[in-house]
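Some notes on the structure that comes next.
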Amino acid sequence: NTTRHNAVVDVFGQMIAAVGWEKKDGESANWVPHRPDLRPFDLVFRTEKEAKWQGLDFGCADPTRLSLLPTGKEYFAKGKAAARLENKKKLWLSGIINTYGPLKREVDYRPVGVDVTSGLGVRAHELFKQICSEAGKKGITAPSAHSSWPAQSFAAYWGQRISHTISKLTAIAVHLGVKAVAKEANDRL
């Protein structure tokens, strides 16, 4: 899960850099007074030199985890598990601020949830649209060396990158899980 999370952070970071916005690692900045171990942001960015920093806190939600469903629901709709994770992250930061006081630097907090099935949470979708809008204003398209017939626009290219990254790492995790189960079964024989 950490590997998938970090890969998603990396793809969004590359997407932000592609439109020319300034970005920094947000995990090592010692944001919370008296608690340097608490890291509310995976990365921070700003759209222009004098703009306020945006703090992004990513999370990967698994809509197949039925134990996480709200009472009375049979399944998660696309992006709903991610949206629920975004709300949990927002409550977590509120609790941190209530306990330890305001962050050391003022940042607009943006929890970003992505379903492991590639659905985007509400705030993740807003961020994606914001970045794509900036690319449109600046005339930035898909990188020519990497564009393909179905990914000729900036949005299509980066949407596919996000989806592929999540799907690839999920498949690897499933593969490793199956291998571990098969080994365990073999060892018992």
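Could you please let me know if residue 5 is modelled with pLDDT of 85 or more and touching a Cys at 6+ places or on another chain (Cβ under 6 Å)? Spell out the reasoning first.
Values: modelled with pLDDT of 85 or more: yes; touching a Cys at 6+ places or on another chain (Cβ under 6 Å): yes.
Criteria met by residue 5.
Select, from 90, 78, the only residue that is open to solvent by 90 Å² or more (accessible area, probe 1.4 Å) and at pLDDT below 90. If you could, list the steps in order and put the result at the bottom.
Numbers: 90 fails: at pLDDT below 90.
Answer to the check: 78.
So, in the stretch 140-166, exactly how many residues are closer than 22 Å to residue 8 by Cβ and modelled with pLDDT of 85 or more?
Initially, the stretch 140-166 is screened for residues closer than 22 Å to residue 8 by Cβ, giving 140, 142-143, 146-148, 150-151, 153-166.
After this cut, where a residue has to be modelled with pLDDT of 85 or more as well, the list is 140, 153-166.
So the answer is 15.
Name every residue in the stretch 1-51 that is of a type in the set (Ser, Thr, Tyr) and assigned to a loop (DSSP other than H, G, I, E, B), in order of residue number. Spell out how you get there, then give the answer.
Residues of the stretch 1-51 that are of a type in the set (Ser, Thr, Tyr), as a first pass: 2-3, 28, 47.
28, 47 - these are the residues of the stretch 1-51 that are of a type in the set (Ser, Thr, Tyr) and assigned to a loop (DSSP other than H, G, I, E, B).
Being of a type in the set (Asp, Glu), at pLDDT 85 or above, closer than 30 Å to residue 36 by Cα and open to solvent by less than 90 Å² (accessible area, probe 1.4 Å): is that true of residue 108 here? Before the answer, list the steps.
On the way: of a type in the set (Asp, Glu): yes; at pLDDT 85 or above: yes; closer than 30 Å to residue 36 by Cα: yes; open to solvent by less than 90 Å² (accessible area, probe 1.4 Å): yes.
Judged against the criteria, residue 108 is a match.
Scan the stretch 166-187 and report the pairs whose first residue is under 26 Å from residue 5 (Cβ atoms) and whose second residue is open to solvent by less than 60 Å² (accessible area, probe 1.4 Å) and not in a helix (DSSP H, G or I), with Cβ atoms within less than 6 Å and a gap of 6+ or a chain change.
Partner pairs satisfying both residue conditions: 166/116; 166/118; 170/116.
Take the residues of the stretch 111-131 that are surrounded by fewer than 19 Cβ atoms within 10 Å (Cβ to Cβ) and in contact (Cβ under 8 Å) with a residue 24 or more places away in the chain: which is nearest to residue 161 (Cα to Cα)? Don't jump to the end; show me each part of the working.
Looking only at the stretch 111-131, we keep the residues that are surrounded by fewer than 19 Cβ atoms within 10 Å (Cβ to Cβ), and these are 117-118, 122, 125-126, 129-130.
From what's left, in contact (Cβ under 8 Å) with a residue 24 or more places away in the chain: 117-118, 122, 125.
Values: 117: 13, 118: 10, 122: 19, 125: 15 Å.
Out of the qualifying residues, it is 118.
The values are calculated or read from the model by the stated rules, or taken from the named source; none is laboratory data. This structure is a prediction, so every number in the text was calculated from the model and none was measured. Cβ sites come from the backbone with ideal geometry, for glycine too, and all protein chains shown count toward neighbours. Just the protein is used for accessible areas: all its heavy atoms, side chains included, with ligands, DNA and RNA removed. Shrake-Rupley method; radii C 1.70, N 1.55, O 1.52, S 1.80 Å.
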